[in-house]
1. For the range B:28-39, does any single residue satisfy the condition of being among the charged types (D, E, K, R), open to solvent by 10 Å² or more (accessible area, probe 1.4 Å), away from chain A (no Cβ under 14 Å) and in contact (Cβ under 8 Å) with a residue 24 or more places away in the chain?
2. Given B:16, B:61, which one is part of a loop (DSSP other than H, G, I, E, B) and either open to solvent by less than 20 Å² (accessible area, probe 1.4 Å) or farther than 23 Å from residue B:116 by Cβ (or both)?
3. Looking at the range A:12-43, which of its residues are open to solvent by 30 Å² or more (accessible area, probe 1.4 Å) and aliphatic (A, V, I, L, M)?
4. Could we say that residue A:52 is over 25 Å from residue B:92 (Cα atoms) and open to solvent by 20 Å² or more (accessible area, probe 1.4 Å) here?
5. Read through the list (1) out of contact with any Gly (no Cβ under 9 Å at 6 or more places or on another chain); (2) open to solvent by less than 50 Å² (accessible area, probe 1.4 Å); (3) modelled with pLDDT under 95, then give the number of the only condition that residue A:75 fails.
Amino acid sequence: AQSVTQLGSHVSVSEGALVLLRCNYSSSVPPYLFWYVQYPNQGLQLLLKYTSAATLVKGINGFEAEFKKSETSFHLTKPSAHMSDAAEYFCAMNWGGGSNYKLTFGKGTLLTVNP
Amino acid sequence: GAVVSQHPSRVICKSGTSVKIECRSLDFQATTMFWYRQFPKQSLMLMATSNEGSKATYEQGVEKDKFLINHASLTLSTLTVTSAHPEDSSFYICSAIRGTGPDTQYFGPGTRLTVL
């Protein structure tokens, strides 16, 4: 079955420290992978996406993620955390391609940034 | 960029009443929209796929008679929660597909439903 696992429901970092949010997937076919950010009481904003092109994907706000097929991972990183990065982050997967637009979401990771 | 709006952003209703939530694609046409439900501190769960001009496709376990979806135009889908109960209280988020491919899904800002 297709699934997305986010390790760690809550990650806390200091301002200026490295941010690492983990995401692993299970899919029998090459997936498309996404990271979304959600601020309180708001919808989802796309941070970045992997769609079978370059394995290292750069997104907005200084975030990037690397697709590693051998590890079935798509971890999100940012070299230096900012207070404004505090939010909920969701990893999502699409495995159907073509006309299948359905996304499967991980459970989310709440990122807190300490001053 | 692609903009998706939802109305209302918040709604409080009494138990037993029905509530309609609108999802609009403001600057593009969307033949396909999705409705998600998000419980506090949990992930998004896909409820249904809304296709313009045809019946919605519901995910397993979602009551189609309780959550009525209408996609009457290329820019509007509505979700009606019928005979709402407190357990229906949740954050409802819609998304719309612009173009082709799974990486063209744009999300609305969500609607907070509270049923008293």
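The values are calculated or read from the model by the stated rules, or taken from the named source; none is laboratory data. Owing to the predicted nature of the structure, the values given are computational and were not obtained by experimental measurement. All Cβ positions, glycine included, derive from the backbone under ideal geometry; neighbour counts span all protein chains shown. Each accessible area value is taken on the protein alone, full model and side chains, heavy atoms only, with ligands, DNA and RNA left out. Shrake-Rupley method; radii C 1.70, N 1.55, O 1.52, S 1.80 Å.
1. Going through the range B:28-39, the residues among the charged types (D, E, K, R) turn out to be B:37.
Retained after the next criterion (residues that are open to solvent by 10 Å² or more (accessible area, probe 1.4 Å)): B:37.
Of the ones still in play, those that are also away from chain A (no Cβ under 14 Å) are none.
Checked against the condition, which is being among the charged types (D, E, K, R), open to solvent by 10 Å² or more (accessible area, probe 1.4 Å), away from chain A (no Cβ under 14 Å) and in contact (Cβ under 8 Å) with a residue 24 or more places away in the chain, the range B:28-39 yields no hits at all.
2. Details: B:16 fails: either open to solvent by less than 20 Å² (accessible area, probe 1.4 Å) or farther than 23 Å from residue B:116 by Cβ (or both).
Only one candidate qualifies: B:61.
3. Quick first cut of the range A:12-43, residues open to solvent by 30 Å² or more (accessible area, probe 1.4 Å) only: A:12, A:14-18, A:20, A:22, A:24, A:26-30, A:32, A:39-42.
Result: A:17, A:18, A:20, A:29.
4. Details: over 25 Å from residue B:92 (Cα atoms): yes; open to solvent by 20 Å² or more (accessible area, probe 1.4 Å): yes.
Judged against the criteria, residue A:52 is a match.
5. Of the numbered conditions (1) out of contact with any Gly (no Cβ under 9 Å at 6 or more places or on another chain); (2) open to solvent by less than 50 Å² (accessible area, probe 1.4 Å); (3) modelled with pLDDT under 95, the odd one out for residue A:75 is (3).
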